[in-house]
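The structure appears right after this line, and notes come after that.
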Amino acid sequence: MSYTQSLWQSIEGIYQKTLEHPFLKGLTDGSLSAETFQFYVVQDAHYLRYYAQCLAIAGAKAPQDEWLITFSEHAKTAIVVERSLHESFFKEFGLTPAQVYATPLAPTCLAYTHYLLAVAYARPFHEVLGAILPCYWIYWEVCKELERHGSPNPLYQRWIDTYASEEFGGVVREVLAITDSVAETLTDAQREAMRQHFITTSKYEWMFWDMGYRREEWQV
């Protein structure tokens, strides 16, 4: 069993709960309200700005030049390509980029992004890798599952198709290969530290869907 396969085993319960979440069920049966999806996409746009910073830091800490290039390119993609997708949704919603980025971060979005940043700045490369991996991997696996069902809403289907695509899958497989390669050089304690970040951010992935579904707000 590869290291990444063992990582996935660590979160199988989290992943199954993710698939059962009403936000995702609402995407495929079309019952998710437009307002809820809009809330999620706006928060995801905020998330991507921070995630891109984490990817850039991962590249700077990478011990191999090709990995530096990989994560630098992924950081660029998060800003340029994925922002383009989000902004196409914003046009559908009648929102300007200025309105979107003036929206406060929901509590879970703030917590998740700042956990990632704290790991990215303070911890070694292998731990950063463990923290950023669920956003790649769970998104891909979730959207492949959603694609099997499809959505009657063309906006939701466009979102699903983007992250279920073979192009995105190639990106995910690239990061999985790096993770397995790095794991071979680590001690048991280092691999366990990597795993704990992976489990934590996998939980945050579930929380992010839940945040969107509830349209989470600050209570005070």
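The values are calculated or read from the model by the stated rules, or taken from the named source; none is laboratory data. Quick caveat, the model's predicted, so the values are computed rather than measured. Here the Cβ positions follow ideal geometry from the backbone for every residue, glycine too, while neighbour counts run over all protein chains shown.
Within the option set PRO97, PRO63, being in contact (Cβ under 8 Å) with a residue 12 or more places away in the chain and out of contact with any strand residue (DSSP E or B) (no Cβ under 7 Å at 6 or more places or on another chain) holds for one residue only, PRO63. Kindly indicate whether any position in segment 175-197 is at positive phi and assigned to a loop (DSSP other than H, G, I, E, B). No; the residues of segment 175-197 include none that is at positive phi and assigned to a loop (DSSP other than H, G, I, E, B). Cβ separations smaller than 9 Å between residues 6+ apart or across chains give the following pairs from segment 181-193 residues that are within 15 Å of LEU133 (Cβ to Cβ) to residues that are of a type in the set (S, T, N, Q) and not in a helix (DSSP H, G or I): SER181/GLN64; ALA183/SER2. Just one of THR201, THR185, THR179 is among the hydroxyl-bearing types (Ser, Thr, Tyr), crowded, with 20+ Cβ neighbours inside 10 Å and closer than 19 Å to GLN64 by Cα; which is it? Criteria check complete, one pass: THR179.
If you take the residues of segment 24-58 that are under 23 Å from SER165 (Cβ atoms) and of a type in the set (Gly, Ala, Ser), which of them is surrounded by the fewest Cβ atoms within 10 Å (Cβ to Cβ)? My answer is GLY30.
Quick grid of which residues meet (1) modelled with pLDDT of 95 or more; (2) within 26 Å of TYR121 (Cα to Cα):
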| site | (1), (2) |
| --- | --- |
| ILE11 | yes, yes |
| GLY26 | yes, no |
| SER31 | yes, no |
| PHE37 | yes, no |
| TYR40 | yes, no |
| LEU48 | no, yes |
| LEU68 | yes, yes |
| SER84 | no, no |
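Selection of segment 9-59 for residues being of a type outside the set (Gly, Ala, Ser) and free of Cβ contacts under 8 Å to residues at least 24 places away in the same chain yields GLN9, GLU12, GLN16, GLU20, LYS25. Among the residues of segment 126-134, is any under 28 Å from PRO154 (Cα atoms) and part of a helix (DSSP H, G or I)? Yes, the conditions are met somewhere in segment 126-134. Filter segment 161-176 down to the residues that are in contact (Cβ under 8 Å) with a residue 24 or more places away in the chain and either over 13 Å from LEU133 (Cα atoms) or not acidic (Asp, Glu) (or both) and list them by number. Hits for segment 161-176 are THR162, TYR163, ALA164, PHE168, GLY169, VAL171, VAL172, VAL175, LEU176.
Using the structure shown, decide if THR70 is of a type in the set (Ser, Thr, Tyr), more than 15 Å from GLU174 (Cβ to Cβ) and out of contact with any strand residue (DSSP E or B) (no Cβ under 7 Å at 6 or more places or on another chain). No: the conditions fail for THR70.
Every residue, every condition in (1) closer than 18 Å to THR4 by Cβ; (2) touching an Asp or Glu at 6+ places or on another chain (Cβ under 7 Å); (3) surrounded by 20 or more Cβ atoms within 10 Å (Cβ to Cβ), yes or no:
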site	(1), (2), (3)
THR103	no, no, no
THR113	no, no, yes
LEU117	no, no, no
ALA120	no, no, yes
ARG123	no, no, no
LEU129	yes, no, yes
GLY150	no, no, no
TYR163	no, no, yes
GLU166	no, no, no
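The residue list LEU85, LEU110 contains one member that is in a helix (DSSP H, G or I), over 25 Å from SER165 (Cα atoms) and within 16 Å of the chain's Cα centre (by Cα), which is LEU110.
Only one of the numbered conditions (1) touching a Ser or Thr at 6+ places or on another chain (Cβ under 9 Å); (2) under 24 Å from TYR115 (Cβ atoms) is not met by PHE125, and that is (1).
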